[in-house]
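Undergrad: Take this structure, written in structure tokens, and hold onto it; I'll ask about it next.
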2 protein chains.
Amino acid sequence: MLQGLFFNEDCTDFFYARPKEGVTGTDVDAFVDRLAGLGVSALLVNTNAQRTNYASEVWEPFWTGYDPAGPDDQPVFRHLPADRIPDTRRLLDNMIALAAAGVDYPARMIERCRERGVQGWISLRMNDLHDVDLLDAPLLSAFWKSHPEFRRVPYRFQGWTDRALDYAHAEVRDHYLALIDESLARFDPDGLELDFLRFGYHFRIGHEREGGRILTQWLGQVRDRVRDWARRRGHEISLGVRVAADPIASRELGMNAVAWAREGLCDLVVPTPFWTTCDFDLPMELWRDLLAGTDTALGGGLECRYQPYPAAPARMVTPQEARGAAAHVWAGGAGVLYLFNYFESMHFGGAWTAEQYDQTLRAMGSLDGLVKLPRTHVVTFRDTPAPGVPVAHALPVQGPLCAFRLQTGPRPTSGTAEVVLGMEMPEGAVPPRVRVNDHLCEEGVLADGVQRTPVPLEALVDGITVIEVESTAPHPSITSVGVSIAP
Amino acid sequence: MLQGLFFNEDCTDFFYARPKEGVTGTDVDAFVDRLAGLGVSALLVNTNAQRTNYASEVWEPFWTGYDPAGPDDQPVFRHLPADRIPDTRRLLDNMIALAAAGVDYPARMIERCRERGVQGWISLRMNDLHDVDLLDAPLLSAFWKSHPEFRRVPYRFQGWTDRALDYAHAEVRDHYLALIDESLARFDPDGLELDFLRFGYHFRIGHEREGGRILTQWLGQVRDRVRDWARRRGHEISLGVRVAADPIASRELGMNAVAWAREGLCDLVVPTPFWTTCDFDLPMELWRDLLAGTDTALGGGLECRYQPYPAAPARMVTPQEARGAAAHVWAGGAGVLYLFNYFESMHFGGAWTAEQYDQTLRAMGSLDGLVKLPRTHVVTFRDTPAPGVPVAHALPVQGPLCAFRLQTGPRPTSGTAEVVLGMEMPEGAVPPRVRVNDHLCEEGVLADGVQRTPVPLEALVDGITVIEVESTAPHPSITSVGVSIAP
């Protein structure tokens, strides 16, 4: 069974985050070496959105139609906002430079992984929709642009996912199968990941269950191809999938990962949020129950953002929060902890220091490592609902008694713990009292809209923390909730 | 594996709904005969709340402390609202009369069941809390009254479940074990049901997972006793449980039905709502996946009320709605359809005719029977959340695009279908347009705040219906949603 810390490197980060002078094969090696040094078990090299970041022979590379010597108003940029053009040019220039130097980026990544004892995977986004609000852009494929009739919601446009490709069409499946075939033939990966959570919506509204049956059958074809290449290569090639965090949502969206595991169609299932917010309440035990008895490993997927409720401002997770989410994944019985969008350079530029990044990734390889560092578990919500399903969220909330249930990993045996509440205090409001697992805590300290309430360790239990906040009128409005644990 | 239509007869209905002149053994037989004639496969005779409806030797009967010849201000009624006293006296008088006539009610029920080829079960409520806001009442046991220290939420009173008994105490478990032992020894049932959903909350807040481990271990003891009695009786005795509708909620509340099934501790798991509203969205496929490979049958539990969202007015379900909920249970893969609170006399006095009751119960025995009658699937919400978990609800809602996902059973191949929307129309609002599974329907007819939109059969799919409601400003406020199917 697969296990360890899995790291997804998206198709643009490597090229986007580096200076314009170009990138080299040595940079690729150094990238792998750094992750290997942090204890990453598998590097999932994402090679595509709607185009590829290498000189594919079956899909267009990102730089198709781009003239590096041309002006900013060349056709491929005509619908792109002007402020995105410099960064896009750097991205494309770097891709071109690496390919021109004879370096096949995914192949080089995988070769270096093998040298370093890290599993090297190809990760394919199965329905990427970045920029589909534009009429043209370097991210959009000719296939997508020329087939509006394949869009899953052809009758309106409310968001990118409305313009996802509908996998009920054989042409769509064939389009992706071509890239799968090339990935298996051209590279020599230890695994192939089909990232169905980019963007998670693959069928017409209401037709997702029928679609799911098509997708399951199609996955069988992919499985056959993977097995065939494993025989040719003389080593195992794993097949993994990223799906929605909630098993019902996942199946209702046509991604029946439980059936896939039970039919032996995949070796790794990674339930994960989409992007909106890291999900600190991943239903790991339920997934573990569902995959029990299969040969499929269970992963828990972390995203990089934190948003306590749908209308709330979002920010990057803190290192403490990322460790909290990771601790729950391990404690919940996962074999794999899976990081998505955890790029040192791009998202965390201002949010994490290099030291925090190193320390956190190193610790994430095991629960033992994580519990030695401070961690925070917070209340968020679950994105990627099936169409028509309401999203539950605990925040914001106001009233005499507000309760929150957090999955908080193993009960600490030493150190300190506190409940951290973000609140808006109406005129005349007094700080609320906090109970943890029915234990009434000493009064907390309220400063700048944040109340910190110490929690005695004996009030904590394994796996779960229930916080009850009792207030008198006028009641505070609670906007964020967390449990911070320091060893 | 257990299968068929299971009918729960609660501990008071038989006595409460009949005239004061008393009940006889013949009435018991007639009650069973009537259900047998309607195709009921198993009758689950509930014998207790906090007291028993027969002359138990280990618990108090309901009539303990009651003097039939005494006045209305006798001690046992002193905290009961005056308007409840006449009905309560009739209840108690009937219980006393039947016992005095030498009829052991549960035994007689089960004997008659056996004669009629119906499974006769004893169903025990594992934590009944009716009237726990009162200081005394005929429903409250001496055990409960004398042990306030066993209450799961001792520090406040917000609702009956706060005063549930905490099964972490051996005394509480022993108290119920005594009743189980008596039930097995005194009666000769085909099955024993532990109704953990009366009322679903059995442990201190935050301590439910620890509690669940205790409960699982304890269930093993019950299982041993059931097996022992099966050997003595020379016939199988099934063990069933009623648990929360959602598998995560159920486990988080300490009712780990998945573990119970996998450890062989029970023969039937019935996920069900508590009471607030019948749950038209029971996650049957998820439960089916979770119980797959075990010898435990899956039931789907119906309740008798309809409430579209938590603050909405509630009413009894219509026969059409009950059939809709039932059709989903069968179509979702259940082996058992389980009716709770479906008393002809009590709740449905004014809501269903005898003909509707007969017709509906007869049809409920199979999906084939149900699809021959009109049925309605509606949007409701899920009660019985674990403490601190927010409840998702789709209604009421207002906006340019509102979507709803309903589990609607098999796709009809003939007949008619319509979407029924309850709406409040602000001044100047125009009727919204309705899409079903991405098919734009013809305009509906709006009258008295209800819009009925015909749906062509070719727009329907198996299992699911997604309704999108598109409106221009000012938007209607949608307060109820249903899909009605007529063969």
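The values are calculated or read from the model by the stated rules, or taken from the named source; none is laboratory data. Note that this is a predicted model, so its numbers are computed, not measured. Every residue, glycine as well, gets a Cβ built from its backbone with ideal geometry; the counts of neighbours run over all protein chains shown.
Undergrad: What number of residues within segment A:393-423 are at positive phi and touching a Pro at 6+ places or on another chain (Cβ under 8 Å)?
TA: 1
Undergrad: Can you find even one residue in segment B:457-467 that is under 23 Å from B:Leu282 (Cβ atoms) and exposed (fewer than 15 other Cβ atoms within 10 Å of the Cβ)?
TA: Yes, that holds for at least one residue.
Undergrad: Residues of segment A:383-400 being facing another protein chain (nearest Cβ under 10 Å) and of a type outside the set (Gly, Ala, Ser), which ones?
TA: Residues satisfying the conditions are A:Pro385, A:Pro387, A:Val389, A:Pro390, A:Val391, A:His393, A:Leu395, A:Val397, A:Pro400.
Undergrad: Collect the residues in segment A:292-303 that are surrounded by fewer than 23 Cβ atoms within 10 Å (Cβ to Cβ) and of a type outside the set (Gly, Ala, Ser), keeping them in residue-number order.
TA: A:Thr294, A:Asp295
Undergrad: What number goes with the only condition from (1) assigned to a loop (DSSP other than H, G, I, E, B); (2) surrounded by fewer than 23 Cβ atoms within 10 Å (Cβ to Cβ); (3) not polar (S, T, N, Q) that A:Ala386 does not pass?
TA: (2)
Undergrad: Looking at segment A:5-34, which of its residues are under 30 Å from A:Arg323 (Cβ atoms) and part of a loop (DSSP other than H, G, I, E, B)?
TA: A:Asp10, A:Cys11, A:Thr12, A:Ala17, A:Arg18
Undergrad: Being crowded, with 21+ Cβ neighbours inside 10 Å, outside any loop (DSSP other than H, G, I, E, B) and more than 8 Å from chain B (Cβ to nearest Cβ): is that true of A:Thr380 here?
TA: Criteria not met by A:Thr380.
Undergrad: Next up: Taking segment B:469-487 as the region of interest, how many residues are assigned to a loop (DSSP other than H, G, I, E, B) and either farther than 28 Å from B:Gly332 by Cα or facing chain A (nearest Cβ under 10 Å) (or both)?
TA: Qualifying residue count, segment B:469-487: 6.
Undergrad: Sticking with this structure for a sec: On the basis of being within 12 Å of chain A (Cβ to nearest Cβ) and small (Gly, Ala, Ser), does B:Ala403 make the cut?
TA: Spelling it out, B:Ala403 is indeed within 12 Å of chain A (Cβ to nearest Cβ) and small (Gly, Ala, Ser).
Undergrad: Does segment B:147-171 hold any residues that are of a type in the set (A, V, I, L, M) and surrounded by 18 or more Cβ atoms within 10 Å (Cβ to Cβ), and which are they?
TA: Answer for segment B:147-171, where residues must be of a type in the set (A, V, I, L, M) and surrounded by 18 or more Cβ atoms within 10 Å (Cβ to Cβ): B:Val153, B:Ala164, B:Leu165, B:Ala168.
Undergrad: Would you confirm whether any residue within segment A:321-328 is at pLDDT below 95 and hydrophobic (A, V, I, L, M, F, W, C)?
TA: no
Undergrad: Could you please let me know if B:Val466 is in a loop (DSSP other than H, G, I, E, B), at pLDDT 95 or above and facing chain A (nearest Cβ under 10 Å)?
TA: no
Undergrad: Can you find a residue that is in a helix (DSSP H, G or I), within 14 Å of another protein chain (Cβ to nearest Cβ), crowded, with 24+ Cβ neighbours inside 10 Å and hydrophobic (A, V, I, L, M, F, W, C) anywhere in segment A:320-341?
TA: There is no residue in segment A:320-341 that is in a helix (DSSP H, G or I), within 14 Å of another protein chain (Cβ to nearest Cβ), crowded, with 24+ Cβ neighbours inside 10 Å and hydrophobic (A, V, I, L, M, F, W, C).
Undergrad: Where in segment B:63-153 are the helices (runs of 4 or more DSSP H), entirely inside, with at least 3 residues that are within 26 Å of the chain's Cα centre (by Cα) and over 29 Å from B:Phe203 (Cβ atoms)?
TA: Once the helices (runs of 4 or more DSSP H) in segment B:63-153 are filtered for at least 3 residues that are within 26 Å of the chain's Cα centre (by Cα) and over 29 Å from B:Phe203 (Cβ atoms), what remains is B:85-100, B:105-116.
Undergrad: So which of B:Asp267, B:Asp246, B:Asp295 is within 18 Å of B:Val391 (Cβ to Cβ) and acidic (Asp, Glu)?
TA: Every option except B:Asp246 fails the conditions.
Undergrad: Residues A:Val461, A:Val430, A:Val420: which one is within 14 Å of chain B (Cβ to nearest Cβ) and either in contact (Cβ under 8 Å) with a residue 24 or more places away in the chain or part of a loop (DSSP other than H, G, I, E, B) (or both)?
TA: Only one candidate qualifies: A:Val461.
Undergrad: Quick test of your reading of the structure: A:Ile205 fulfils all but one of (1) more than 14 Å from chain B (Cβ to nearest Cβ); (2) in contact with a strand residue (DSSP E or B) (Cβ under 7 Å, 6 or more places away or on another chain); (3) not in a strand (DSSP E or B). Name the failing condition by number.
TA: The failed condition is (1).
Undergrad: Only one of (1) modelled with pLDDT of 95 or more; (2) closer than 15 Å to B:Asn48 by Cβ fails for B:Cys113. Which number is that?
TA: Unmet condition: (2).
Undergrad: Now for a different question. Please indicate, with yes or no, whether at least one residue in segment B:447-454 is away from chain A (no Cβ under 14 Å), charged (D, E, K, R) and part of a loop (DSSP other than H, G, I, E, B).
TA: yes
Undergrad: Test B:Ala363 against the stated conditions and say whether it is of a type in the set (Gly, Ala, Ser), away from chain A (no Cβ under 13 Å) and either under 13 Å from B:Gly39 (Cβ atoms) or not in a strand (DSSP E or B) (or both).
TA: Answer is yes for this residue.
Undergrad: Still on this structure, please answer the following. Output the residues belonging to segment A:246-276 that are surrounded by fewer than 24 Cβ atoms within 10 Å (Cβ to Cβ), part of a loop (DSSP other than H, G, I, E, B) and within 14 Å of chain B (Cβ to nearest Cβ).
TA: A:Glu263
Undergrad: Name the residue that is nearest to the chain's Cα centre (by Cα), counting only residues in segment A:277-290 that are assigned to a helix (DSSP H, G or I) and of a type in the set (Asp, Glu).
TA: For segment A:277-290, the residue satisfying everything is A:Glu285.
Undergrad: I've got another one for you. So which residues in segment B:20-34 are more than 16 Å from B:Met109 (Cα to Cα) and either touching a strand residue (DSSP E or B) at 6+ places or on another chain (Cβ under 9 Å) or without any contact (Cβ under 8 Å) to a residue 12 or more places away in the chain (or both)?
TA: Selection gives B:Glu21 alone.
Undergrad: Sticking with this one: May I ask you to verify whether B:Leu192 is away from chain A (no Cβ under 14 Å) and either outside any strand (DSSP E or B) or free of Cβ contacts under 8 Å to residues at least 12 places away in the same chain (or both)?
TA: no
Undergrad: Within segment B:394-436, which residues are surrounded by fewer than 18 Cβ atoms within 10 Å (Cβ to Cβ) and among the hydroxyl-bearing types (Ser, Thr, Tyr)?
TA: Within segment B:394-436, B:Thr413, B:Ser414, B:Thr416 meet the criteria.
Undergrad: Cβ-Cβ below 7 Å, separation at least six or inter-chain, first residue in segment A:230-246 and of a type in the set (Asp, Glu), second assigned to a loop (DSSP other than H, G, I, E, B): which pairs?
TA: Partner pairs satisfying both residue conditions: A:Asp246/A:Pro283; A:Asp246/A:Arg382.
Undergrad: Out of segment A:35-50, which residues are in a helix (DSSP H, G or I) and touching a residue at least 60 places away in the same chain (Cβ under 8 Å)?
TA: A:Leu35, A:Ala36
Undergrad: Going by the conditions given, is A:Thr277 touching a Lys or Arg at 6+ places or on another chain (Cβ under 9 Å), within 30 Å of B:Ala261 (Cα to Cα) and among the β-branched types (Val, Ile, Thr)?
TA: Against the criterion (touching a Lys or Arg at 6+ places or on another chain (Cβ under 9 Å), within 30 Å of B:Ala261 (Cα to Cα) and among the β-branched types (Val, Ile, Thr)), A:Thr277 does not qualify.
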